[in-house]
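Taking it in order: structure first as structure tokens, then the write-up.
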């Protein structure tokens, strides 16, 4: 309700200040455009570096995920390797395998 009561004053002061400050805004416009051009140019220059950094980050994250999955499985792999070695040592050799080895 207060907004409706102050609407005429806001309109008058807004238009008055808008008209008074318009020349200053027009003076600042080239500098704002120059700022936009410089920011766009710097963004284009920095874009390849940002993409390379993102790619490196993704590769490092993928390596970390793979290691996080593989490292806990190493003891199980060692146990499996030990069982395989024991089975290979206790398996009787066939005469053909012994002859081809000698």
*State the dimensionless ratio Rg/Rh of the chain (Rg: radius of gyration of Cα atoms; Rh: Kirkwood radius).*
1.66
*Please say if the range 21-64 is rounded, prolate or oblate, where rounded means a/c under 1.5 for a ≥ b ≥ c the square roots of the C-alpha gyration tensor eigenvalues, and otherwise the choice is prolate for a/b larger than b/c and oblate otherwise?*
prolate
*Any idea what angle helix 2-70 forms with the longest principal axis of the chain, computed on alpha-carbon atoms, 0 to 90 degrees, nearest 10?*
10 degrees
_Gyration tensor verdict on the range 43-102 (Cα atoms; rounded if a/c is under 1.5, prolate if a/b is larger than b/c, oblate otherwise)_ = oblate
*Enter the angle in degrees (range 0 to 90, nearest 10) between the Cα long axis of helix 74-90 and the first principal axis of the Cα atoms of the chain, meaning the one along which they spread out most.*
20 degrees
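Read the figures in this text as sums done on the coordinates, not as results from a lab. Keep in mind that this is a model prediction, so the values were computed, not measured.
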